[in-house]
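**Q** There's a structure below that I have some questions on.
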Amino acid sequence: MDEQGLEDAAIFLMSLGEEEAAEVFKQLEPKEVQGLGETIARLKTVPRERVETVIHRFTTEAVEIGTLVSDTDEYVKGVLRRALGDEKANLLIDRILQGSDIAGIESLKWMDPGSVAELLRNEHPQIVAAILVHLDPDMASGVLKFFSDRHRNEVMIRIATLDGIQPSALKDLNEVMSRVLAGGSQIRRQSLGGVKPAAEIINLMGSALETSVLDYIRESDGDLAQKIMDNMFVFDDLIKLDDKGFQALLKEVQTESLIIALKGASPEIRDKVFKNMSSRAAETLREDLESRGPVRLSEVEGEQKEMLKIVRRLADEGQIMLSSGADDDFV
């Protein structure tokens, strides 16, 4: 959701009152709650005309949406059993509705990475890997930063080589959390883990940990390390974005964040940025870069990481195409 959409949603929730807004928040993901909460806190005053516009828009869109069935889970079960018979239908039903069976893992998304790391610190790397692949890459990366080098590396190898979650592995998660999976023996194999999620997690660790993890994996399995590197999209790979994609990225990045990120960028990346801005904006940015004093490397890497998050979101939305570390592949 863009900034305009966040503000509209925040304004609408503020107009509902605390009790109704709370019911809406219960249906949202952790990141959505955080984003809306921060936006609401920032909106001290809102013009009456803006409030009326937001409410009118919601009312117009709401009348176009109707509830077709009251219990969609039961509807799916009933339709599939009538169409396929009980045996075949049950196989599909487990796959379709299995998302409700990972409530314990989903609850981790509301915790801070340090707390999750403490919870998992003494667990076997295979169990940790099975849990982390359910989390967003930035959350998983944050958790791994609290582990020792050896534990972190062992977990990353298992994530990279994981080609699915077996029912027995899901059952073991009950020893890690008080609420995990119901009916784990009936759960079908899930396509989680592998080289790509491993690359996404490593991308978000920062250069020092990234090098350490890749060196460790390379010593154990050189081919695996190369496959991970081929799927990694790092800050220098921004040069591979076409102009349209680069312009879409720049629209999403705040000027202050861009300045800090570019302090540690190559001349080629800087030229790419200037090329995709108006001459006046490019000149202003050059002046800001020259006048800005030294910036901590951690700040530079932090802002570059935030830009990479935006890139991946735009890629998921189909607005840009990411080329990986291998020139002939796309991710």
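The values are calculated or read from the model by the stated rules, or taken from the named source; none is laboratory data. Since we're looking at a predicted model, the values are computed, not measured. Neighbour counts run over all protein chains shown; Cβ positions are idealised from the backbone, glycine included.
**Q** Residues of region 198-222 being among the small types (Gly, Ala, Ser), more than 24 Å from Met321 (Cα to Cα) and modelled with pLDDT under 85, which ones?
**A** Answer for region 198-222, where residues must be among the small types (Gly, Ala, Ser), more than 24 Å from Met321 (Cα to Cα) and modelled with pLDDT under 85: just Ala208.
**Q** Looking only at region 61-76, filter to residues that are within 30 Å of Gln4 (Cα to Cα) and either of a type in the set (Asp, Glu) or modelled with pLDDT of 75 or more (or both); which one of those is surrounded by the most Cβ atoms within 10 Å (Cβ to Cβ)?
**A** Residue satisfying both the conditions and the ranking: Glu61.
**Q** Suppose the filter is modelled with pLDDT under 65 and surrounded by fewer than 15 Cβ atoms within 10 Å (Cβ to Cβ); does Val79 pass it?
**A** Criteria not met by Val79.
**Q** Among (1) surrounded by 18 or more Cβ atoms within 10 Å (Cβ to Cβ); (2) modelled with pLDDT of 85 or more; (3) not aromatic (Phe, Trp, Tyr), which single condition is Glu123 missing?
**A** Here Glu123 clears every test but (2).
**Q** Quick check on this structure: which one of Val295, Val331, Val300 is modelled with pLDDT under 85, outside the structural domain of Asn203 (by TED's automatic domain parsing) and of a type in the set (Val, Ile, Thr)?
**A** Unique residue meeting the criteria: Val331.
**Q** I'm trying to understand the selection: among the residues of region 115-130, which are aliphatic (A, V, I, L, M) and farther than 18 Å from Lys196 by Cβ?
**A** Val116, Ala117, Leu119, Leu120, Ile127, Val128
**Q** What pairs come out if I take residues in region 202-217 that are free of Cβ contacts under 8 Å to residues at least 12 places away in the same chain and pair them with residues that are part of a helix (DSSP H, G or I) and buried (at least 20 other Cβ atoms within 10 Å of the Cβ) whose C-beta lies under 8 Å away, six or more apart or interchain?
**A** Glu210/Ile202; Glu210/Asn203
**Q** Would you check which residues across region 134-172 are hydrophobic (A, V, I, L, M, F, W, C), at pLDDT 60 or above and part of a helix (DSSP H, G or I) and list them?
**A** Matches in region 134-172: Met139, Ala140, Val143, Leu144, Val155, Met156, Ile157, Ile159, Ala160.
**Q** Which of the residues that make up region 223-245 are farther than 15 Å from Ala198 by Cβ and either surrounded by fewer than 16 Cβ atoms within 10 Å (Cβ to Cβ) or modelled with pLDDT of 90 or more (or both)?
**A** Asp236, Ile239, Asp242, Asp243, Lys244
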